[in-house]
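A short worksheet on the structure shown next.
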Amino acid sequence: MQTKSERTRARLLQAARDLYQLKGYRNTSIDDVCNHIGATKGSFYYHFSSKIQALYALLQSDIEKELLLVKAEEPCLNKLLCFSCQLLAKPEILTALLDSEDGPVFRHMAHRLFFDTVFPKVKDYIASLKEQGEAFYLDEKLPDLVFGGFLSGMIDLIDEGYQARDDEKRLLSVCTLFIKATRRLFEEAFHLSYGSVHIMDAKALSQLLLNALKTP
């Protein structure tokens with residue numbers, strides 16, 4: 001059973017998520033979050049040092065939930081890449097990544113969080129393929145570089161998507177190029193069979209970005 005403090009924290013996080021999705025990260029203040037559930041600012045600051053820390057907690061919670069659904073014995077690389085894209089394309093996350101003030105800090109925080117949580121699963125799976133003779137690479141730092149390239153590419157995609165938000169054909173083209181580049185990156189880096197890496201459909205990804213970019 002949750003304590004009163006834990007329930008308050010959960011309610012604050014849900015309020016933050018609801019408002020970030022509705023109004024966007026920049027247009028949501030700490031006062032808005034507190035007023036949404038009738039909490040005090042003191043209560044907010046007891047649990048989170050800032051608005052961006054509350055968002056970080058939301059992303060961390062989402063990643064933990066998704067990782068529980070990925071079983072180690074399954075071909076999980078595609079699932080890990082797919083849900084990473086889906087999480088970064090959520091309105092509450094995407095609008096923070098694009099924020100002119102907090103965006104640079106949050107990008108670093110999100111990048112580090114994915115490396116600390118998702119990357120170990122990616123690395124373990126690639127290592128298991130290597131043991132089975134289905135993957136090949138000499139440099140042990142290569143998985144780090146490839147996954148880092150994927151995350152950087154996804155954040156670049158969000159930037160490009162923002163520029164193309166009023167042109168659906170251009171946005172689809174950008175998403176298609178990103179998916180092709182990611183597939184090539186993983187397949188060629190680890191000598192995986194052609195077509196073995198699949199993230200998600202380009203139309204689905206472009207629609208996710210389009211929906212998120214409509215958030216103020």
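The values are calculated or read from the model by the stated rules, or taken from the named source; none is laboratory data. As the structure is a computational prediction, the values presented were derived from the model and not from experiment. A quick note on method: Cβ atoms are made from the backbone with ideal geometry, for glycine too, and the neighbour counts reach across all protein chains shown.
Total residues in the range 124-147 satisfying the condition of being under 13 Å from residue 191 (Cβ atoms) and among the basic types (Lys, Arg): the figure is 1.
Residues satisfying the criterion are absent from the range 164-184 (criterion: under 20 Å from residue 70 (Cα atoms), touching a residue at least 12 places away in the same chain (Cβ under 8 Å) and among the aromatic types (Phe, Trp, Tyr)).
Would you pick out the residues in the range 77-95 that are touching a residue at least 12 places away in the same chain (Cβ under 8 Å) and over 9 Å from the mean Cα position of the chain (by Cα)?
Here is the first cut: in the range 77-95, the ones touching a residue at least 12 places away in the same chain (Cβ under 8 Å) are 77-78, 80-95.
Of everything in the range 77-95, those that are touching a residue at least 12 places away in the same chain (Cβ under 8 Å) and over 9 Å from the mean Cα position of the chain (by Cα) turn out to be 77, 78, 80, 81, 82, 91, 92, 95.
Scanning the range 174-216 for residues that are outside any helix (DSSP H, G or I) and of a type outside the set (Val, Ile, Thr) yields a total of 12. Every listed requirement among (1) modelled with pLDDT of 95 or more; (2) in contact with a Gly (Cβ under 6 Å, 6 or more places away or on another chain) is met by residue 179 save one, (2).
Kindly provide the set of residues from the range 120-142 that are buried (at least 18 other Cβ atoms within 10 Å of the Cβ) and either at pLDDT 95 or above or of a type in the set (Gly, Ala, Ser) (or both), ordered by number. Passing the criteria: only 135. Summed over the range 187-216, residues that are under 25 Å from residue 141 (Cα atoms) and within 18 Å of the chain's Cα centre (by Cα) total 2.
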